[in-house]
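These notes concern the structure reproduced below.
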Amino acid sequence: MDYDVVVPAENANDDQLAHAERHFGVQFPMDYRHFVSTEGSMSRFVEPAGDYLVIDSIDEVIHINNAGYFQTRFPGAVVIGGDGSREFLTYDFRQDPPSLVLLDVGAEDWSSAVHQASSLTALFEQFPETGWQL
């Protein structure tokens, strides 16, 4: 895939990733850990799906989750990105391994979650063709 990426400084993302895992009490899946360590973040309009995909940098993840009160509204949730607007790409840590779901900014609880993929790798593989599952 040809995504716009921000390359992280050496070891900075690993320290921030460990901090985020302690903060949320989770261990992120290996494919996400690898992406954060090697790519940092991404923000891109994806063709032919015609959808915008954002994966936030790890230093933004705690702030975004706290600002949206995601753990209060969605226990076990960790937002890692989204569509650049109202929809948030979220790990559902209520299950092991956690899957990726889409949550609208106005959602009240988990009943509004829409399954996207079983992993970040699977999302990257299918997204150009399927875009967001709404």
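The values are calculated or read from the model by the stated rules, or taken from the named source; none is laboratory data. Just so we're clear, the structure is a prediction, and the values are computed from it rather than from any experiment. Please note: Cβ atoms are built from the backbone with ideal geometry, for glycine as well, and neighbour counts cover all protein chains shown.
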Notebook entry, point to check: Do the conditions hold for residue 51, that is, is it in contact with a Gly (Cβ under 7 Å, 6 or more places away or on another chain), more than 16 Å from residue 17 (Cα to Cα) and not small (Gly, Ala, Ser)?
Noted result: yes
Next item on the list: Report, ordered by the first and then the second residue, all pairs with beta carbons closer than 9 Å, sequence separation of six or more or different chains, a first member in the range 122-133 that is of a type in the set (Asp, Glu), and a second member that is surrounded by 14 or more Cβ atoms within 10 Å (Cβ to Cβ).
Entry: 125/117; 129/49
Next item on the list: Just name the residue that is surrounded by the fewest Cβ atoms within 10 Å (Cβ to Cβ) out of those in the range 93-124 that are among the charged types (D, E, K, R) and over 28 Å from residue 47 (Cβ atoms).
Entry: 96
Notebook entry, point to check: Name the residues in the range 92-115 that are part of a strand (DSSP E or B) and either more than 13 Å from residue 80 (Cα to Cα) or among the hydroxyl-bearing types (Ser, Thr, Tyr) (or both), would you?
Noted result: 99, 104, 114, 115
Item checked: Residue tally, condition touching a Lys or Arg at 6+ places or on another chain (Cβ under 8 Å) and modelled with pLDDT under 95, over the range 105-134 -> 5
Check: Regarding residue 63, is this residue surrounded by fewer than 16 Cβ atoms within 10 Å (Cβ to Cβ), under 23 Å from residue 131 (Cα atoms) and free of Cβ contacts under 8 Å to residues at least 12 places away in the same chain?
Finding: no
Notebook entry, point to check: under 20 Å from residue 24 (Cα atoms), of a type in the set (D, E, K, R) and at pLDDT 95 or above, is that true of residue 73?
Noted result: no
Checklist line | Considering residues of the range 13-32 that are crowded, with 18+ Cβ neighbours inside 10 Å and of a type outside the set (A, V, I, L, M) only, the residue nearest to residue 128 (Cα to Cα) | finding: 32
Note to self: So residue 39 ticks every box in (1) surrounded by fewer than 20 Cβ atoms within 10 Å (Cβ to Cβ); (2) within 11 Å of the chain's Cα centre (by Cα); (3) not β-branched (Val, Ile, Thr) but one. Which box is left unticked?
What the structure shows: (2)
Margin query: Looking at 78, 114, 101 in this structure, which one is in contact with a strand residue (DSSP E or B) (Cβ under 6 Å, 6 or more places away or on another chain) and more than 19 Å from residue 51 (Cα to Cα)?
Written below: 78
